[in-house]
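J.: Structure provided below as structure tokens; questions to follow.
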Amino acid sequence: MADTEYDFDLFTIGIGSGGTRASRVAAAHGARVAAAEEHRVGGTCVIRGCVPKKMLVYGAQFAEDLEDCQQFGWTIEGKSFDWVKLRDHVMKDVGRIEGVYTETLEKHDVTLFHEHAKITDEHEITLASGKVVTAKHILIATGATPHVPDFPGNEHVITSNEAFHLDEVPGCILILGGGYIANEFAGIFNEFGSKVVVANRSDVILRSYDFSMRDRLMQISMTKGIEFLFRAEVEKLEKRDDGTFAVKMTGVEERTFDLVMAATGRVPNVEGLGLENVGVELGKRGEIKVDEFSKTNVDYIYAVGDVTDRVQLTPVAIREGQAFADSVFGDVEPYSVDHSCIPSAVFSHPPISSVGLNEREAKEQYGQVKVYTSDFRPMKNVVAGRNERSLVKMICDGANGQILGVHMIGPYAPEIMQTAAVAVKAGMNKADFDATTAIHPTVAEELVLMK
Ligand code: FAD
């Protein structure tokens, strides 16, 4: 396997979800692997994405649980919330996970460079320190970076990168965007006591999700005090002497906020990579163009994860990294990742989860569809006196009952959906769900009881 013409068999740029998996697996297949990471080992998911975000979501949920628990007989006196304590605890655990990732790579003899890497010539990588190495294969796994819209004063805006490190919870926050990151942070800050305004330039939130789920989330979020502005783009933002921000948006009078956060999409991270030196082709959105095996137009250069802008999710980056490493360095027939039917979640309050087609897509693609819904108040909410309803929706092919999509909003929705996704991916029918006995009393039983 070793090709001594080069220093390494594989050089991975970016040690996030995709790069870590690919490097570790390639090394396990016997490849001599080196990797560069310019920020922190673990990448977006571990350091400033899924992991710390989910920890904040857990922390935020206690605001509701501590209120609801009174109806279950609990008395909590003198409750208070300490943001700095949570923030530091989350960051400590992030550091622990970073250590685990580093250890795993070291155990697999992956040579790690903690610095920026750039492709400077054919098979050649130059590190920020000036060190030059060569590799038979190069994997680009540099992820994506937050996009901040262009408007006067946008230098004052934070992104999710900074949101994890705030000194305090803002009294009043404006969140720009309508995607999952905007809605998740809206929920987090709202539960921590901020006044939250979500401003979106279009007229819907969570565009790719089923309309019934988005409507339900908006309804519930508004009941909880989150304000939504639509067709509202920032025209200008000014920092005042007292540290607050005056924001003028289209169709909205100037308003004052303590903090403005942009959650307006993530763009492939290709700057400063030296792709022009070897002629790697980019797509319209700046993404690295790859074939089904994650190979670029340059024969020895591959790319996985967010930088290819296929589906920007951690499990997808990991699968792509695994498939690349097995296919190039393993003793298997090259194989590709199936990007269809990928389940996903929005960790809002309450969360949404989804797999397969939404109702609009299903109607467009199949014409005749049958839609089953269950709209109910979970038992816990009834006892707690929380007037918050859950919704489950199953969309089936009208011709044969095959399940095309399942969508859910309510407690535990992401946990439940993972299992339902297996059935949808396997091409099961509504009849298979009907034939399955319910686990009672649960929220999940609605999935097999829909008529
Ligand atoms: P990344 O994990 O971003 O790793 C890329 C790495 O490359 C980075 O560490 C970067 O520092 C490094 N790098 C870049 N350029 C260079 C260079 N030239 N030299 C050296 N190093 C370089 N996904 C989910 O599935 N579930 C979630 O709940 C979820 N929540 C999210 C919440 C937030 C706030 C964000 C921002 C993202 C979230 N995601 C979630 C998306 C998920 O984090 C990404 O899809 C995933 O991390 C992509 O992995 P990757 O390997 O492509 O890139």
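J.: How big is the dipole moment of the range 154-263 about its Cα centre under a simple scheme where the beta carbon of each Lys and Arg is +1, that of each Asp and Glu is -1, and everything else is neutral? Debye, nearest 20, please. Can you show the working numbers first?
T.: Values: 12 positive and 18 negative charges, 83 e Å.
The calculated dipole for the range 154-263 is roughly 400 debye.
J.: Let me ask you something else. Taking the Cβ of residue 16 as the centre, find all other residues whose Cβ is under 10 Å away and add up their charges (Lys, Arg: +1; Asp, Glu: -1).
T.: 0
J.: When the accessible area of the chain is computed with all protein chains present and a 1.4 Å probe, what percentage of it is carbon and sulfur?
T.: On the way: 10490 of 21160 Å².
Carbon-and-sulfur percentage of accessible area, whole number: 50.
J.: Then there's this: Dipole of the range 350-448, Cα-centred, from +1 at each Lys and Arg C-beta and -1 at each Asp and Glu C-beta, to the nearest 20 debye?
T.: Values: 10 positive and 11 negative charges, 43 e Å.
Here the range 350-448 has a charge dipole of around 200 debye.
J.: Tell me, what is the FRET efficiency for residue 85 and residue 298 to the nearest 0.05, using R0 = 41 angstrom and their Cβ-Cβ distance as r?
T.: The calculated FRET efficiency here is 0.25.
J.: Another question about this same structure. Test of the criteria: in the range 18-111, which GluC sites (Glu not before Pro) are in a DSSP loop and have at most 12 other Cβ atoms within 10 angstrom of their Cβ?
T.: Details: sites: 37, 38, 64, 67, 77, 98, 103, 106; in loops: 37, 38, 77.
Sparse-neighbourhood loop GluC sites (Glu not before Pro): 77.
J.: Taking the Cα centre of the chain as origin, work out the dipole magnitude from +1 charges on Lys and Arg Cβ and -1 charges on Asp and Glu Cβ, in debye rounded to 20.
T.: Values: 46 positive and 66 negative charges, 260 e Å.
Dipole magnitude for the chain comes out near 1240 debye.
J.: Net charge around residue 220, counting only other residues with Cβ within less than 9 Å of its Cβ (Lys, Arg = +1; Asp, Glu = -1)?
T.: +2
J.: To the nearest Å, what is the center-to-center distance of the range 250-278 and the range 20-70, using C-alpha atoms only?
T.: Answer, in whole Å: 22.
J.: So, one more: Where does each of 12-23, 174-185 land if you order them by average Cβ count within 10 Å, highest first?
T.: 12-23, 174-185
J.: Within the range 59-150, which trypsin sites (Lys or Arg not before Pro) sit in a loop by DSSP and count at most 16 neighbouring Cβ atoms inside 10 Å?
T.: 79, 131
J.: Counting pairs on different chains as well as pairs 8 or more places apart, how many Lys pairs in the range 154-263 have Cα atoms under 19 Å apart?
T.: Taking the range 154-263 as the scope, the lysine pair count is 5.
J.: Quick one: which of 288-294, 302-308 comes out on top by average Cβ neighbours within 10 Å, and what's the full order, highest first?
T.: Ranked from most to least packed, the peptides come out as 302-308, 288-294.
J.: Ok, one more. Among the complete DSSP H segments of the chain, which ones combine at least 15 Å of alpha-carbon extent along their axis with a mean Kyte-Doolittle hydropathy of 0.0 or more? Could you put the intermediate results ahead of the total?
T.: Numbers: long enough: 17-28 (17 Å, -0.06); 50-68 (27 Å, -0.09); 83-107 (36 Å, -0.60); 180-191 (17 Å, 0.21); 211-223 (18 Å, -0.12); 314-329 (22 Å, 0.34); 413-425 (17 Å, 0.68).
Span-like helices, by this rule, are 180-191, 314-329, 413-425.
J.: Please compute P(r) over all alpha-carbon pairs of the range 296-349, binned at 5 Å starting from zero, and give each bin as a whole-number percent.
T.: Histogramming the range 296-349 at 5 Å steps yields 4, 17, 25, 24, 15, 8, 3, 3, 1, 0 percent.
J.: What does the charge count near residue 274 come to, summing +1 for each Lys or Arg and -1 for each Asp or Glu among other residues with Cβ under 11 Å from its Cβ?
T.: So the environment of residue 274 carries a net charge of -3.
J.: Ranked highest first by average number of other Cβ atoms within 10 Å, how do 407-415, 231-239 line up? If you can, show how the numbers build up before the last one.
T.: Values: 407-415: 22.4, 231-239: 16.6.
The packing order, highest mean first, is 407-415, 231-239.
J.: Please work out the average accessible area per residue across the chain, using the 1.4 Å probe convention, and give it in Å². Before the final figure, lay out the partial values.
T.: On the way: 21160 Å² over 451 residues.
Result: 47 Å² per residue.
J.: Starting from the Cα of residue 335, step 7 Å along the direction of its Cβ; do the same at residue 211; then give the gap between the two resulting points in nm.
T.: 3.9 nm
J.: I would also like to ask the following. Can you give me the solvent accessible area of residue 195 with a 1.4 Å probe, rounded to the nearest 10 Å²?
T.: Ignoring ligands and nucleic acids, residue 195 comes out at about 80 Å².
J.: Could you point to the residue in 302, 270, 257 farthest towards the positive end of the range 191-314's charge dipole, with +1 and -1 charges on the Cβ of Lys/Arg and Asp/Glu respectively?
T.: So the residue furthest toward the plus end is 257.
J.: Quick one: in the chain, what % of C-alpha pairs are over 41 Å apart?
T.: Values: 24199 of 101475 pairs.
Percentage above 41 Å: 24.
J.: Another one. Could you pull the Rg and Dmax for the range 139-267, using just the Cα atoms, both in Å?
T.: In Å, with Rg to one decimal and Dmax whole: 14.4, 48.
The values are calculated or read from the model by the stated rules, or taken from the named source; none is laboratory data. All figures in this text were calculated on a predicted structure; none of them were measured in a lab. Cβ sites come from the backbone with ideal geometry, for glycine too, and all protein chains shown count toward neighbours. What goes into the accessible areas is simple: the full protein's heavy atoms, side chains included, and nothing from ligands, DNA or RNA. Shrake-Rupley method; radii C 1.70, N 1.55, O 1.52, S 1.80 Å.
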